[in-house]
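Reviewing the structure listed below.
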Amino acid sequence: MATYQEFIQQNEDRDGVRFSWNLWPSSRLEATRLVVPVSCLFTPLKERPDLPPVQYEPVLCSRANCKAVLNPLCQVDFRAKIWACNFCFQRNPFPPSYAGISEVNQPAELMPQFSTIEYIVQRGPTPPLIFLYVVDTCLEEEDLQALKESLQMSLSLLPPNALVGLITFGRMVQVHELSCEGIAKSYVFRGTKDLSSKQIQVGGDKGRPPQPENAGVFVFITRFLQPVHRVDMNLTDLLGELQRDPWPVPQGKRPLRSTGVALSVAVGLLEGTFPNTGARVMLFIGGPPTQGPGMVVGDELKTPIRSWHDIQKDNARHLKKATKYYEAMANRSAVNGHCIDIYACALDQTGLLEMKCLSNLTGGHIVMGDSFNTSLFKQTFQRVFSKDYNGDFRMAFGGVLEVKEMGIGGTSQWKVCGINPSTTLALYFEVVNQHNAPVPQGGRGVIQFVTQYQHSNTQRRIRVTTIARNWADAQSQIQHIESSFDQEASAVLMARLGVFRAESEEGPDVLRWLDRQLIRLCQKFGQFNKDDPTSFKLSESLSLYPQFMFHLRRSPFLQVFNNSPDESSYYRHHFVRQDLTQSLIMIQPILYSYSFHGPPEPVLLDSSSILPDRILLMDTFFQLVIYHGETIAQWRKAGYQEMAEYENFKQLLLAPLDDAQEILQTRFPMPRYIDTEHGGSQARFLLSKVNPSQTHNNLYAWGQVLRGAPILTDDVSLQVFMDHLKKLAVSSSA
Amino acid sequence: GLLLVKIEKMLPATRHSLAEFSLLTLLFYIFTLFLYFLFCPVLHNLLDKLLNVKQASDMPAVQKSRHRIDPDAIPSPIQVIEDDRAKCTEPFNTGVRGQVPPLVTTNFQAKDQGNASPRFVRCTAYNVPCTADMAKQSQVPLAAVIKPLATLPPDETPPYLVDHGEAGPVRCNRCKAYMCPYMQFIEGGRRFQCGFCSCVTEVPPHYFQHLDHTGKRVDCYDRPELSLGSYEFVATVDYCKNNKIPQPPAFIFLIDVSYNAVKSGMVNIVCQELKTLLDYLPRENPEMDSVVRVGFVTYNKVLHFYNVKASLAQPQMLVVSDVSDMFVPLLDGFLVNVNESRLVIESLLDQIPEMFADTRETETVFGPVIQAGLEALKAADCSGKLFVFHTSLPIAEAPGKLKNREDKKLVGTDKEKSLFQPQVGFYNTLAKECVAQGCCVDLFLFPNQYVDVATLGVVPVSTGGSIYKYTYFQAQSDTERFLNDLRRDIQKLVGFDAVMRVRTSTGIRATDFFGSFFMSNTTDVELAGLDCDKAITVEFKHDDKLSEETGALMQCAVLYTSCSGQRRLRVHNMAVNCCSQLADLYRNCETDTIINFFSKYAFRGLLNNPTKAVRDTLINQCAQILACYRKNCASPSSAGQLILPECMKLLPVYLNCVLKSDVLMPGADVSLDDRAYLRQLISGMDVTESHIFFYPRLLPLTKLESGSLPMAVRDSEERLSKGGVYLLETGLHLFLWVGASVQQELLLNIFGTQSFSQIDPSLTSLPVLDNPFSQRLRDIIESFRAQRSRYMKLMVVKQEDKAELIFRHFLVEDKSVSGGASYVDFLCHMHKEIRQLLS
């Protein structure tokens, strides 16, 4: 049998699934004792170029409350043309169309390599995709100009039959009519008054009898949502003529921004016209909502927007109300399968903390930048419309994930709405069998993930992934279980739990909880003599786990110091949706070192890696930092790279840039690119991430030759952390 | 001289007891009505046949037999008018205190010599009783009808503009009266004593001037405010709202685009006309472009605002569907300069009719429409005028939503008054807000059914605006009238955000005001807009004794923003005599003004009193006036004789006209909307307009001379000759009555047809024929129209045609179908009332 490493990799490649434990404990108590819950990271729409979708409907178990999909793990009686459901054991006859099957003539869904299979289903006419732009006009002139250009550009990226709509807002909210003839029309709503969905529809459906052309296939096409191919000229002009919000902003005031009402109009419009259709609301904001429902801060500049400090002091006046407002909206949107993106570009906070649920609950993107006039925004926005190997958008709509488990729980269903190929969900399972009635030995636990979604080419699709793991008795097979531990997946899964807790609990409580879990895990699986920290040892399958936890504790996902509430929300938003690799980068950034001494190499994320004659490239997912060591920086300043004789130096300087470029090209959202050097102010991005093994506190105490760069911090280093952990793990009193 | 009407000779019935008189009269009434209703056409034919043989004079003999009073023997309005015309040969100098000016029907030139011209101010009495008791005894109302921005004929000088510099107009320290000819300079010119309150005020150094030997300032005749009755001051920033020089005003056009509005053609007509009309926005200097900015809104159940910014290639429409809480969706580009945005505006006006050509929306809102205009003016921080073109009862869900409450059954009951009151309080509140912003509303109505003018009119009436009503509007026949009204309404001189204050000398006080305005306290008349056609009637009461020596003074000051955006004060001064003899009062009063006052007083009374009570009060007061005269002034004569003062000899006939008006005595075919409309219309009328409205001008057209008009005849069927053609003018309508046996020459000259039957009764204008008669007649019609503030549509009435009923309604000396008494009957009735009072 292959190693667990290989097994895990193979599973991830084929099914997009990574489990914390690849052998499952057979009872609830045992599961609890493992500390890290039985859970998995699942990427529902993992890109599988090698997996052509099949053009028929899945075969479902006939039991009404089961409806599991026929899969390779089912027992099949080819002669009787009967299959047994591996979830409820119901024996099901095959449908008539399967009459020709036999051992040598099996349908795809029975073949082991199709543990993940995608069905294209035909269910009536497929509605086109909908893109509804909701644009803040309280922007600086050049920001608005840049945004307008980006929006105009995006029109060319949309499929021609997609429906587009435009809502602009400032002090008022304007819904633009996109029909082609005559005067440009828009419906205007006051930004201070919440409108019911009905009012919006009433407002919209007035004034003119339905046009016969609209009475065709899609009865619901309104004049606010029109096919791109019909209105792109119009819309381009409309965007071109878009002006900054004309209402004067007095000195000492913020512009009045009716984000809440604008969203409510957008959500209401889609709700009324295209429920349960793939739709994307794209909200572009350049500042916080300052009036009406969902207001985050008042328009007085002398009152600053809430900080973590205010929140902890319960001093954030609008926080609860606004959050509640946006949550209600997010829920409405989710019910209808519409997703909401937020593109927030401003130097100050924009209220992401309150609004994050809009994207989190609907599977939308959050992109945060300083200005719309930056390549960060422009490229990221363009990447929203990136296409896959088939030329289809890397986005799917109206996703519904259903999970069927055997022996663990019943069926659960979640609405994900917007999904893209990298969307990765963490699922936590519970073993329901009591300790005295464990799952019988030698059996296999089966889990089936059924993801229904609307593909970006408007097809309705169902992707089914069925996986199985062996049950193990925790008493006798603890070694096996230990070796089935996936520490990378577990670190991410525990981190997600931590982030989840951090949303509702105080920061220190979360850290304490995380520490306790780590200590318990070490106690459970570490090998040590009681009260002897030096004897502590972890097996290979757990060896990296504490280090992940160390970096997680320092990460912006759990530390709010130096981050605004908006930034924290932003980081957390991305953390809980990226796949395992990206998540690990976020927890523990990767550091490459470039020097004349050899090819680029990954180095420890440690202050000792910061050396004068090196160039470092750090990838934290959100930032890409290129750091030139002291000597390199001096050489570069002296301009050696310009001289022909120092061509090699030029090459050295270019090497990290090329590597960075590669990452910049592919990542969504595009990371912030930082080029800095020893002593540069931006070097803080690197210094705050590395393990502070050398600080001003221990610099001279070691009496060694200085290698690396001391960090001015009181944070504990990994060494101290580990020492402490060992002490606690072996302590008999803990 | 006095006019003695010897009743005994003419009406034997008066000799009988009271009971007999009533019985006889009653029987006669019943008989006439019976004939009228049942045999009207038949009767006419019969009578005509008889008459054709017998008729010797142009007076139908049979009429004489009906009333045994010779109508020629009772006071004739035509005679009074003609006498006054004949008397008036020289310009009227306003300098003589207590002098009664020529009648409104007389053409005269006024020369301002220290009192306001009668074109600006007319009083009921030019000799005011010295004491309150005297005034009460006489019951003659003391009132002035003021038309502050009246247009003057070309041969009269408009008020001069006076600038007293940075300190503003010189005023009395105590009562704040403005510098005027009644200020007495003392102490060598260093101080002046106020003619109103007697307070002595220092003359500001920059205004100092020496006095001559008579005590007059030597610059007296160089300064309008020292020598004239009417003039204007330039107001300083202290006189501006929020101490800010006002922005130029704006005109906002709000056009109903519901189904009815589009179908009737109104939308198209308005849009087409506005394209040219926008070049004629009011301006003070004809050389300059108007500074008035314009904005456009269309609406049905929702409102559409238009961005017509000059930089746009196409106008943009912004729809506001949430009408419950109105707001203006745009700032920049809504109110624009016509010249800068001309192309965009023209494109918009071309597209509006197209855009709504297929509309099926029938419901409209109204409250939010005015709110929208108001909010737009607020946002632009200026005053202005809204032109609302509206068709139907606003039943769509919105603030100010109305329901149909027209209930003919209530007419004549005590509940009738509620029909004149607004249905909801919303519009009163809204009107108040409009006035505060200087937002005047002109309402053009195009109803096909009840629209509740009483309620819709609240805002226009309270803001100094006008209501125009085109019932059953049809593009073909009504366009001319509507467009002429619209043109005039847009072009006419208008002031904004005005406050009028009437100050009086001690002993007398302005107590009541009638007209289109709003008052938040008892002294300041607030007018969001004030145009050259609006008149305000002010009633005065004594609060002390007056002296014959000083007379009574009145100063009316109107602070307003001119259409060029300048803040100004227009001052009209008026001094009248005070008398201790009642005879002086009766000798120097003006019946036309009294009627103007009475009509406004009565029409306002309708809001709170049953119609019958209002009518009775009027009759009673007039009877008291005349009885008081009889008792105190007339030479002794027998009790059966009706004696009327010369100046008031038309009071009964005119009063009867007021009592018979559609407002106070509606016929079956008069709608509630019509009555509410007339009621509101009259509240802003000046004496000229109210005179012609109550006693229309009836001109026989048999012979027309160039240069002079034919002499009018009295408004009675008796005066009409079957062989003639008559023109009747009411100020609102023009009728051309054609007798059944009209001379063929007249037919040919006027209509170009051979026979009576060929006349097309649907004609709204006369054919242009190449003969002097036709030319002259059309000129007369044109000149009549030019004199009136509203365009009079011409209606051709053929004798014995159905339409004649409408025409006859205006023959006010006759009995009316709705039960109004004839002049003769009413005179008898008044006589009876007076006798009762005297006995």
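When the stretch B:340-369 is filtered for residues that are of a type in the set (Lys, Arg) and facing chain A (nearest Cβ under 10 Å), only B:Arg360 remains. Would you check if there is a residue in the stretch B:581-603 being in contact (Cβ under 8 Å) with a residue 40 or more places away in the chain and farther than 28 Å from B:Pro77 by Cα? So far as the stretch B:581-603 goes, no, none of its residues is in contact (Cβ under 8 Å) with a residue 40 or more places away in the chain and farther than 28 Å from B:Pro77 by Cα. Residues in the stretch A:243-278 that are modelled with pLDDT of 90 or more and not in a helix (DSSP H, G or I): A:Arg244, A:Asp245, A:Val249, A:Pro250, A:Gln251, A:Gly252, A:Lys253, A:Arg254, A:Pro255, A:Leu256, A:Arg257, A:Ser258. Scanning the stretch B:472-494 for residues that are surrounded by 21 or more Cβ atoms within 10 Å (Cβ to Cβ) and either within 24 Å of B:Cys175 (Cβ to Cβ) or of a type in the set (A, V, I, L, M, F, W, C) (or both) gives B:Phe473, B:Phe482, B:Leu486, B:Ile490, B:Val494. Within the stretch A:550-568, is there a residue that is hydrophobic (A, V, I, L, M, F, W, C) and more than 27 Å from the chain's Cα centre (by Cα)? No: zero hits.
Entry remark, the stretch B:370-379: residues being farther than 23 Å from A:Arg244 by Cβ and either free of Cβ contacts under 8 Å to residues at least 40 places away in the same chain or within 12 Å of chain A (Cβ to nearest Cβ) (or both) number 1 in total.
Of all residue pairs spaced 6 or more apart or on separate chains, those with beta-carbon atoms under 6 Å, a first member in the stretch A:463-477 that is polar (S, T, N, Q) and a second member that is outside any strand (DSSP E or B) are A:Thr465/A:Asp15; A:Thr466/A:Asn71; A:Thr466/A:Leu73; A:Thr466/A:Ser115.
Among residues belonging to the stretch A:172-184 that are in contact (Cβ under 8 Å) with a residue 12 or more places away in the chain and at the interface with another protein chain (Cβ under 9 Å from one of its Cβ atoms), point out the one that is surrounded by the fewest Cβ atoms within 10 Å (Cβ to Cβ). That would be A:Ala184.
For the stretch A:350-376, what are the residues that are crowded, with 24+ Cβ neighbours inside 10 Å and of a type in the set (S, T, N, Q)? Passing the criteria: A:Thr350, A:Ser359, A:Thr362. Of all the residues in the stretch B:663-684, those that are under 14 Å from the mean Cα position of the chain (by Cα) and not in a helix (DSSP H, G or I) number 2. In the stretch B:302-320, the condition of being of a type outside the set (Phe, Trp, Tyr) and over 27 Å from B:Pro248 (Cα atoms) is met by at least one residue.
When the residues of the stretch A:132-158 are filtered to those that are part of a loop (DSSP other than H, G, I, E, B) and either at pLDDT 95 or above or more than 26 Å from the chain's Cα centre (by Cα) (or both), the one that is surrounded by the most Cβ atoms within 10 Å (Cβ to Cβ) is A:Leu139.
Take the conditions (1) within 23 Å of the chain's Cα centre (by Cα); (2) in contact (Cβ under 8 Å) with a residue 12 or more places away in the chain; (3) surrounded by fewer than 23 Cβ atoms within 10 Å (Cβ to Cβ); A:Gly272 misses just one of them, which is (1). Restricting attention to the stretch B:764-797, the residues that are of a type outside the set (Gly, Ala, Ser), surrounded by 15 or more Cβ atoms within 10 Å (Cβ to Cβ) and either touching a residue at least 40 places away in the same chain (Cβ under 8 Å) or not in a helix (DSSP H, G or I) (or both) total 19.
Looking across the stretch B:581-604, the residues that are within 15 Å of B:Ala634 (Cβ to Cβ) and out of contact with any Ser or Thr (no Cβ under 8 Å at 6 or more places or on another chain) come down to B:Gln581, B:Ala583, B:Asp584, B:Arg587. Flag: A:Ile285 matches the condition of being away from chain B (no Cβ under 14 Å) and either over 23 Å from A:Asp370 (Cβ atoms) or within 24 Å of the chain's Cα centre (by Cα) (or both).
Yes or no, residue by residue, for (1) over 17 Å from B:Phe389 (Cα atoms); (2) at pLDDT 90 or above; (3) not acidic (Asp, Glu):
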site: B:Arg293; (1), (2), (3): yes, yes, yes
site: B:His304; (1), (2), (3): no, yes, yes
site: B:Gln316; (1), (2), (3): yes, yes, yes
site: B:Asp322; (1), (2), (3): yes, no, no
site: B:Val336; (1), (2), (3): yes, yes, yes
site: B:Glu340; (1), (2), (3): yes, yes, no
site: B:Glu346; (1), (2), (3): yes, yes, no
site: B:Pro353; (1), (2), (3): no, yes, yes
site: B:Phe366; (1), (2), (3): no, yes, yes
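Of everything listed in (1) part of a helix (DSSP H, G or I); (2) of a type outside the set (Phe, Trp, Tyr); (3) without any contact (Cβ under 8 Å) to a residue 24 or more places away in the chain; (4) farther than 25 Å from A:Met355 by Cα, the single unmet condition for A:Pro508 is (4).
Quick one: is B:Lys378 surrounded by 19 or more Cβ atoms within 10 Å (Cβ to Cβ) and of a type in the set (Lys, Arg)? Criteria not met by B:Lys378.
Within the option set A:Phe548, A:Phe500, A:Phe536, being in a helix (DSSP H, G or I) and either touching a strand residue (DSSP E or B) at 6+ places or on another chain (Cβ under 8 Å) or closer than 16 Å to A:Leu353 by Cα (or both) holds for one residue only, A:Phe500. Residue count for the stretch A:321-350, restricted to those that are part of a loop (DSSP other than H, G, I, E, B), closer than 23 Å to A:Phe622 by Cα and in contact with a strand residue (DSSP E or B) (Cβ under 8 Å, 6 or more places away or on another chain): 2.
Number of residues in the stretch A:161-171 that are charged (D, E, K, R) and either closer than 13 Å to A:Leu238 by Cβ or away from every other protein chain (no Cβ under 13 Å) (or both) equals 0. Exactly one residue out of B:Lys649, B:Lys660, B:Lys631 is within 18 Å of the chain's Cα centre (by Cα) and modelled with pLDDT under 95: that is B:Lys660.
A:Ala396 falls short of the stated requirement of being under 20 Å from the mean Cα position of the chain (by Cα) and more than 27 Å from A:Ile663 (Cβ to Cβ). Filtered by the rule that a residue be away from chain B (no Cβ under 14 Å) and touching a residue at least 60 places away in the same chain (Cβ under 8 Å), the stretch A:237-262 gives A:Arg257, A:Thr259, A:Gly260. Here A:Met722 fulfils each of the conditions (1) touching a Leu at 6+ places or on another chain (Cβ under 8 Å); (2) modelled with pLDDT of 75 or more apart from (1). Exactly one residue among B:Asn588, B:Asn573 is crowded, with 24+ Cβ neighbours inside 10 Å and in contact with a strand residue (DSSP E or B) (Cβ under 8 Å, 6 or more places away or on another chain), and that residue is B:Asn573. In the set (1) touching a strand residue (DSSP E or B) at 6+ places or on another chain (Cβ under 8 Å); (2) modelled with pLDDT under 90, A:Glu601 fails one condition alone, (2).
The values are calculated or read from the model by the stated rules, or taken from the named source; none is laboratory data. Given the structure is predicted, the values throughout are model-derived calculations rather than measurements. Don't worry about glycine lacking a Cβ; one is built from the backbone with ideal geometry, like all the others, and counts go over all protein chains shown.
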